[in-house]
Amino acid sequence: MQNIKKLALAFGVASTLSLGLAPVANAAETLKIGFVGVTSGAKAGWGISNVRCMQTRAKWVNDEGGIKIGDTTYNIEIVTWDTQDNTTRAKEGMEKMVQEGIHYVIGPNTDPTAAAVRPVAERDGVMYFPYAFPKELYTKPASNAVLGMIANYQSGPAIYKYLKENKGVKSIAFLAANESDALSQREGGIQAAKALGLKVLAQDAYQSDTRDFAPAVTPIVKLKPDLLVLSGVAGGTAPLIIRAARELGYTGLMSAETAQDAMQLKDGAGDLANGFISVGGASTPEIRSAMMEEFIRRYTEDHGQYDDESNTKVYAMEYILETLKANPKAINDVEEFKKTMDTLSVPNPYMKGDRKLEYVGLTSFGQKRQVGIPMVVTEYQDGEFQTLFVTNVD
Amino acid sequence: MEQIVVNGLYLGAQYALIALGLTLIFALMNVLNFAHGQMYVLGGYMTYLVYGKLGMPFALGLAVSALTLLAVGAVVEKFLFRPVLRKSARDESSMLLAAGLAFFFDSIILLLFGQKQHGVPKIIEGVQNWGDFTVVIPNDKIVVGVCTVLMIAAFIIFMQYTKPGRAMRALAQDRTAAQLMGVSADRYGMLGFALGAMLAGLAGGLLVATTGVSSGIGGSISIKAFLMVMIGGAGVVPGAIAGGFILGMMESFGLSYLRAYGDITYLVIFASLMVFLSIRPHGLMGKPWG
C-alpha cells in the first residue's frame, strides 16, 4: 500500500513537471510593452485609444505566431497603468514598468504626466512615446522620449496658413481649457498666428470641467473672429463648444490642432459641426492600406467601436517593433534602440504606396525623436472627415 | 449684458438642480455622497439610452432615469450606508464608502458605455433671438430651463407640504426628537437617499439634452455640487439653490468681464469663495434647514 502511494506521488510529480515544463520549452519568449497613460476621468478617451491599439495589434501578432526579432520569436504582452492624469500616479506607473523589466512604454497622454515620468525613464533605461508636446522632452539632453503624434506647433502653422491663403482668414481667437496642456498649446498657436500676420482677437480659457459653454463663448462670439481655435480640446469637449458658439450666432471657421472623433462630433453637435477643421488620424480612407483596413476591422471586432484617433495611435507600437526587428540588441538596451532610430527606414504597412516608417523631428527637436506619420488635416462634414490636405513633418 | 445674465441664470438653474440631491442626503444622513456626480452620469446615460438610442420620447427617458436612480439610491442606502452608519460613528467610514461607490460607478459606467462623449438629438429645434443677437437662447435650453425650475419647485413643495417631506425635514432638524415622535429613521432615511439619487439622475437626464454625457465627468460634477452646497450652507435646500445661482452668475460675469486681465476668472471665483467661507463657514443659510 505504501509503495502504491509512493508510486502515485511520483507519477503526480512527474505529470505536474511534464505539464509545467513542456510548454515552456516550446513557447515563444514574451516581449512586454508598457502603457502608462490616462484611461479614466475626462481624458480617458486619449489613453483608451492607445491601449486598444496596443491590445489589438498585440493579439494580431500573437495570433500569427508572434514576432521574430533576431533569432527569437516573441509573443507580445501589454502591461497597462492608468495615470488618472496624475503626476504621482504616472511616476509610479513608470516605476512599475521598470520593475516588470519593460524598456518600451507608450504614453503618457498629457504634458504634466509626461514630464513626471522623464526622470524614471532616463535613470532606468526606458524609451517612452508620449502624446505630449513640451519640446524639452524631445530635445537634447533628453533622448528617451519619442513624440507619438503631430504637435500643435507643427500642425497649427500649416492649418492657419492654409486658411489664410484659401479662406481669407485675417483674425483669430483662441479658447483653451484652463490647464497646462491646453494653455501651452494656446500659446504655441498664438505665436504661430502672429508669425503669419493674423490679428489675435481673444485668448480665453474655460474651466476644464465645463459642460455649458455659452458663458465662455459669448464674449468671443461678440468679437466675430474669422477663425476660432479650440486649443488642445478633448474629443468630448469640442462638440459642446461648437454647439454653443453656433447657437449663439458665430458664423466663422472653427478648428483644433488635436485629433477629433467624427462620431462624437455628430452625436454632440450634429450639423453644427460641419466645416470644423482638425488634424485627422494619420490613416484616412484615401491613403490607408489593406493592412490598416484589417487593423480597423480587428479593433472594431475586439472593442465594439473604432476611434478615429487610433488612426494615429496605431503607429507607436509599430515603430517600436520595427526598430527592435532592425536591431535585436535593442531588446534590452535602449542605447541600441536610439542608434537605430537615426537610420530606420522600412515600408509603412498602414499606408498605400511606398511610404516609409522613419523617425522624424530634426527640425523641431534637433534629433529624430518623433514617429514619422503623415499630417492629415481634415474637415468634418455630415458625420465624417474629409481630407483638406496632407503634408509631412520635417 | 443681457446675454450674460441669461447665461448665468440658465447655468445657475442647472447647478441648483444638481446640488439639491446632494444637500438632501447630507441633511438627512450627514453623508457626503461623493458618488453624486456618478449618479448624475448614470441618469444621463439612462435618458441617452431611451431617447437617444431607442428613439423613445424624451419624457420617458427622464422617467427611466428617475426610477433607475430612485432604485439605485434605495439599494445603496439600505445595503451599504445604513449598515455602515449603524456600526460606525466615525464620519470617515461613510466618506470612504461614498468614495468607493464613486469609483465603482465610474468603472461600471465606463465598462457599459465606453469612454466617449454621447449626445442625443435635439428635443426641440430652433433658437430664440431677441434684439438682433442681444439675447440668444436655443429652444432646447428654454425647455430644459423651464423643466429645471419646475422640478426644483415640485421638490420644495414636496418637502414643505407632504407627510414624507415633513418627516424628512424633522429628521434633518433633530433626528432623535423626530424618532421619539414616531418618525421611522430607516424608512425616511432610505426615501431621502433615494430621492437625492433620483434628483441627481433627473438632472443628468435633463441636461443630456443640451450638454450630452460622458463617463468621466462624475467626479468634477460632485466637486462642483459640493461647492454650491458649501456656498448656500450644507444641508439647506434653499441654500443649495442660492449656491447654484451664485456660482452660475459668478462664472457668467467673470468669463465676460475678467477675461481682459488674463486667465483669472476661476482664480477670482475660488479665491472669493475661500474668503467667503473663512468669514462664514456655514455658508449663506447655515444648518439646520427649516
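The values are calculated or read from the model by the stated rules, or taken from the named source; none is laboratory data. Note that the coordinates shown come from a computational prediction; the quantities given were computed from them, not determined experimentally. Please note: Cβ atoms are built from the backbone with ideal geometry, for glycine as well, and neighbour counts cover all protein chains shown. Surface areas here come from the heavy atoms of the whole protein model, side chains and all, with no ligands, DNA or RNA. Shrake-Rupley method; radii C 1.70, N 1.55, O 1.52, S 1.80 Å.
Considering every residue in B:217-224, what mean count of other chain Cβ atoms within 10 Å of its Cβ is obtained? Walk me through the intermediate numbers first.
Details: counts 5, 2, 5, 7, 2, 0, 1, 4.
Partner Cβ neighbours, averaged per residue: 3.
Rounded, prolate or oblate, given the Cα gyration tensor of the range B:2-217, with a/c below 1.5 counting as rounded?
prolate
Would you tally the net charge around A:Met291, using a Cβ to Cβ cut-off of less than 11 Å, leaving A:Met291 out, and scoring K and R as +1, D and E as -1?
+2
Please determine, in degrees from 0 to 90 and to the nearest 10, the orientation of helix A:87-99 with respect to the longest principal axis defined by the Cα atoms of chain A, where the helix direction is its Cα long axis.
So the helix axis and the longest Cα principal axis differ by about 30 degrees.
Angle, helix A:2-26 long axis vs. longest principal axis of chain A, Cα atoms, 0 to 90°, nearest 10?
Here the helix axis deviates by roughly 40 degrees.
Using the Cα centre as the reference, give the magnitude of the dipole from point charges on the C-beta atoms of the protein assembly as shown (Lys, Arg: +1; Asp, Glu: -1; all else neutral), rounded to the nearest 20 debye.
Computed charge dipole of the protein assembly as shown: roughly 1420 debye.
Along the positive direction of the dipole of the protein assembly as shown (beta-carbon charges: Lys, Arg +1; Asp, Glu -1; about the Cα centre), which of B:Ser107, A:Leu175, A:Thr251 reaches farthest?
B:Ser107
What whole number of Å gives the distance from the Cα centroid of the range B:18-83 to the Cα centroid of the range A:263-301?
Centre-to-centre distance over Cα atoms comes out at 34 Å.
Shape of the protein assembly as shown from its Cα gyration tensor (a ≥ b ≥ c, root eigenvalues): rounded if a/c is under 1.5, otherwise prolate when a/b > b/c, or oblate? It would help to have the intermediate numbers written out before the result.
Values: a/c = 2.12, a/b = 1.26, b/c = 1.68.
It comes out oblate by the Cα gyration axes.
Straight-line reach from A:Lys352: which aspartates and glutamates have a Cα under 12 Å away, not including same-chain ones fewer than 8 places off?
By straight Cα distance, A:Lys352 reaches A:Glu286, A:Glu293.
Using θ = phi - 60° and the Karplus curve 6.51 cos²θ - 1.76 cosθ + 1.60, what whole-Hz ³J(HN,Hα) does each residue of the range B:66-73 get, with Gly and Pro shown as x?
4, 5, 4, 6, 4, 5, 4, x
For Cα pairs less than 8 Å apart in space and 6+ apart in sequence, what is the mean separation divided by the residue count of chain B, i.e. the relative contact order in percent?
Relative contact order of chain B: 37 percent.
Tell me the relative contact order for chain A as a rounded percent, counting alpha carbon contacts under 8 Å between residues six or more apart. Mind dumping the intermediate values first?
Numbers: 746 pairs, mean separation 56.8, N = 394.
In percent, rounded to a whole number, it is 14.
For the pair A:Leu201/A:Arg298, report the inter-label distance in nm, with labels modelled 7 Å from Cα in the Cβ direction.
4.8 nm
Compute the helix-to-body angle for A:290-303: its Cα long axis versus the longest principal axis of chain A, expressed 0 to 90° and rounded to tens.
Tilt relative to chain A: about 80 degrees.
Karplus couplings for the range A:136-151 from phi (6.51 cos²θ - 1.76 cosθ + 1.60, θ = phi - 60°), rounded to Hz, Gly and Pro as x?
So the Karplus estimates, Gly and Pro as x, are 5, 6, 10, 9, 4, x, 5, 8, 9, 9, 10, 5, x, 8, 7, 7 Hz.
Quote the FRET efficiency, to the nearest 0.05, computed for B:Ala154 versus A:Thr88 with a Förster distance R0 of 41 Å and r equal to the Cβ-Cβ distance. Spell out each step's value before the answer.
Values: r = 45 Å, r/R0 = 1.09.
So, using R0 = 41 Å, E works out to roughly 0.35.
7 Å from Cα along Cα→Cβ at both A:Glu286 and B:Ser184: what's the point-to-point distance in nm?
6.9 nm
If the cut-off is 25 Å between C-alpha atoms, which lysines fall inside it for A:Lys224, apart from same-chain ones fewer than 8 positions away?
Of all the lysines, those that pass the test against A:Lys224 - Cα under 25 Å, at least 8 places apart if same chain - are A:Lys161, A:Lys164, A:Lys167, A:Lys170, A:Lys194, A:Lys199, A:Lys266, B:Lys141.
Return the value, in Å² to the nearest 100, of accessible area buried between chains A and B (probe 1.4 Å, both sides summed).
On the way: alone 17000 and 13750 Å², together 27520 Å².
Separately minus together, A and B give about 3200 Å² buried.
Aspartates and glutamates within cross-link reach of B:Lys87: Cα-Cα under 20 Å, excluding same-chain residues under 8 positions apart?
Within reach: B:Glu77, B:Asp186.
Find out how many positive minus negative residues lie around B:Phe79, taking Lys and Arg as positive, Asp and Glu as negative, among other residues whose Cβ is under 14 Å from that of B:Phe79. Kindly include the intermediate steps, with their values, before the conclusion.
Values: positive: B:Lys78, B:Arg82, B:Arg86, B:Lys87; negative: B:Glu77, B:Asp186.
Cβ neighbours under 14 Å give a net charge of +2.
Which one, B:Ser278, A:Asn144, B:Leu247, projects farthest toward the positive side of the charge dipole computed for the protein assembly as shown from Cβ point charges (K/R +1, D/E -1)?
Highest projection toward the positive end goes to B:Ser278.
List the pairs from A:Lys59/A:Lys325; A:Lys338/B:Lys116; A:Lys43/A:Lys135 whose alpha-carbon separation is above 27 Å, in the order I gave them.
In this structure, A:Lys338/B:Lys116 lie more than 27 Å apart at Cα.
Order these peptides, A:204-212, A:338-346, by their mean beta-carbon neighbour count within 10 angstrom, highest first.
Order by mean packing, descending: A:204-212, A:338-346.
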